[in-house]
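Read through the structure below, which is laid out as structure tokens, and then see the notes.
The values are calculated or read from the model by the stated rules, or taken from the named source; none is laboratory data. All figures in this text were calculated on a predicted structure; none of them were measured in a lab. Note that each Cβ is placed from the backbone with ideal geometry, even for glycine, and that neighbours are counted across all protein chains shown. For the accessible areas, the whole protein counts, side chains as well, though only heavy atoms, and no ligand, DNA or RNA atoms are used. Shrake-Rupley method; radii C 1.70, N 1.55, O 1.52, S 1.80 Å.
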Amino acid sequence: QVQLVESGGGLVQPGGSLRLSCAASGSIFSYGDMGWYRQAPGKQRELVATITSYRSTNYADAVKGRFTISRDNAKRTVYLQMNNLKPEDTAVYYCRATIDLSVHWGQGTQVTVSS
């Protein structure tokens, strides 16, 4: 059974940085696209960034130039480096991955940007 576990969330001041990690466990044959999504209170879940198996990346306009997504297949992990964080980045961040042709979601990690 495949599981995705996020880590790295927390409380940070505006302008600060955080690095999220999402590690996959279980019996895995192949990886496809991986990505990060977020959901703020009272809002729908939205795409933050994605990365393909060829390491082609895509970012939401709101995070371009501030966030960087990367992956390490050997470690079964996808990362999200978040710099120059803003209060509007506050949300629960979810990892999403296509593994063995099925879509899997992590449980989410809270990111709070506040002074």
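You will find that of Leu101, Leu85, Leu80, the residue that is over 12 Å from the mean Cα position of the chain (by Cα) and crowded, with 18+ Cβ neighbours inside 10 Å is Leu85 and no other.
Answer yes or no as to whether Ala62 is outside any loop (DSSP other than H, G, I, E, B) and closer than 18 Å to Gly106 by Cα. Spelling it out, it is not the case that Ala62 is outside any loop (DSSP other than H, G, I, E, B) and closer than 18 Å to Gly106 by Cα.
Could you tell me which numbered condition Gln3 fails, if it satisfies all but one of (1) within 14 Å of the chain's Cα centre (by Cα); (2) more than 13 Å from Tyr94 (Cβ to Cβ); (3) open to solvent by 80 Å² or more (accessible area, probe 1.4 Å)? All conditions are met except number (1).
Exactly one residue out of Tyr31, Tyr59 is at pLDDT 95 or above and surrounded by 15 or more Cβ atoms within 10 Å (Cβ to Cβ): that is Tyr59.
Set side by side, the residues Asn58, Asn73, Asn84 differ, and just one is over 23 Å from Gly32 (Cβ atoms) and of a type outside the set (A, V, I, L, M), which is Asn84.
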